[in-house]
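A short write-up of the structure that comes next.
Each value in this text was obtained by applying a stated rule to the coordinates, not by laboratory testing. Keep in mind that what you see is a predicted model, and the values were worked out from it rather than measured. Cβ: placed from backbone, ideal geometry, glycine included. Neighbour counts: every protein chain shown.
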Amino acid sequence: MDSYRVEKKALMKIALADTEAEIAPLPTEAGGGKPEPELDRLSSIIQSFNDQFGTLFSDGDRVVRKLKQDIVPAVEADTTFRNAKRNTPHNARTAHDQALTKAMQAMMTEDMQIYKAFVENESFRDWVKSNVFRWTHEPRPGASA
């Protein structure tokens, strides 16, 4: 009972004074809402890819399109990744990397050249991981947020 009395007394100290008061309005010039994300154009992504990996692939635009059209949707469809995106960034990244590895393994029968580069070339693998992660977090045109 004594501990309950101490808690009640502490709560009474927090009570606000019963007086007439006015709260100032929030400033309107600060701007609100979410800023529009800066999305890269496919041509600039392909150019960046070709600058880094032009000697690895003869048709870099095909590789980038394959990643955006096949791998990104496969990673986004992964249930563990979708759940982890709502969690901490570290969990999202870990689940993303696992989903990406599964998607790339599934792609092995379709395009061995991309899969082989992903497995053997650390620089290419890092580029794919960072870009697919970024692409899975970009809002899709026509998708509800």
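Spin-label model, Gln98 to Asn121: label points 7 Å out along the Cα-to-beta-carbon direction sit 2.8 nm apart. The label-point distance for Asp61 and Glu20, in a model that sets each label 7 Å from Cα toward Cβ, rounds to 7.2 nm.
Can you put Ser48, Ser123 in order, fewest other beta carbons within 10 Å first? Spell out each step's value before the answer.
Numbers: Ser48 15, Ser123 11.
Result, fewest neighbours first: Ser123, Ser48.
Dividing the radius of gyration of the alpha carbons in the stretch 59-137 by their Kirkwood radius gives 0.96 for Rg/Rh.
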